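So the structure is just underneath, and the comments pick up after that.
All of the numbers you see were taken from the coordinates with simple rules; none came from a lab. Please read all numbers here as calculations on a predicted model, not as lab measurements. Here the Cβ is made from the backbone with ideal geometry for all residues, glycine too, and neighbour counts use every protein chain on show.
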Amino acid sequence: MESSVYLITFATYGSHLPGDNAIVDRNHNVPGAPYAELYEGRLNRSKRLMRYLPYLLDERRRRIVLAALQEVCQFRDWSLMAAHVRTNHVHVVLDSTAKPEQVISTFKAYASRALNRIEPTSRRHWARHGSTRYLWNHKAISAAIAYVVEGQGVAMAVFEEPPAP
């Protein structure tokens with residue numbers, strides 16, 4: 001099977017709710033486009049439906065999640081090009097033979113298992129779904145890596161593949 005390069009993004013549970021004005025939805029999914037507008041009724045409904053408090057990643061948990069991403073990439077022979085684990089979301093650029101939906105599901109599973117080792121719980125760590133973008137050429141890949149590593153504000157738990165010699 002031929003490999004593809006993806007930009008994968010997924011959020012922690014409760015951190016990006018439908019109706020929030022800081023989310024990227026299917027109608028606002030173009031780089032540089034404004035976020036969706038605040039829709040209070042939908043946001044309040046989303047909050048009422050939550051079974052747990054929002055889950056946020058402190059420094060220790062961010063490092064654990066980053067290590068889990070690296071572990072799964074090594075185990076599955078996926079090429080991790082860049083990753084940035086933030087307080088409430090994760091960005092990854094990787095080259096994989098798996099479908100992007102399988103990649104995101106596997107990342108969440110490995111990260112959840114790693115987090116459960118330090119705090120056994122039945123609560124959810126991750127929001128449903130996530131964003132999966134194919135990166136079709138070198139320019140798109142370079143731009144995605146720069147966005148993940150440098151375009152997120154203050155660096156938190158970051159990995160960037162060293163340049164080839």
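Taking trypsin sites (Lys or Arg not before Pro) across segment 97-161, the ones in a DSSP loop with at most 11 further Cβ atoms lying within 10 angstrom of their Cβ are ARG128. The chymotrypsin sites (Phe, Trp or Tyr not before Pro) of segment 44-120 that meet both conditions, a loop assignment by DSSP and at most 14 other Cβ atoms within 10 Å of the site Cβ, are TYR52.
How large is the dipole of segment 71-149 about the Cα centre if only Lys and Arg carry +1 and Asp and Glu carry -1, each at its Cβ, rounded to the nearest 20 debye? All intermediate terms of the calculation are to be shown ahead of the outcome.
Values: 11 positive and 5 negative charges, 61 e Å.
Roughly 300 debye, rounded to the nearest 20.
Dipole of segment 93-132 computed with +1 at Lys/Arg Cβ and -1 at Asp/Glu Cβ about the Cα centre; of SER105, THR121, VAL93, farthest Cα towards the positive end is THR121.
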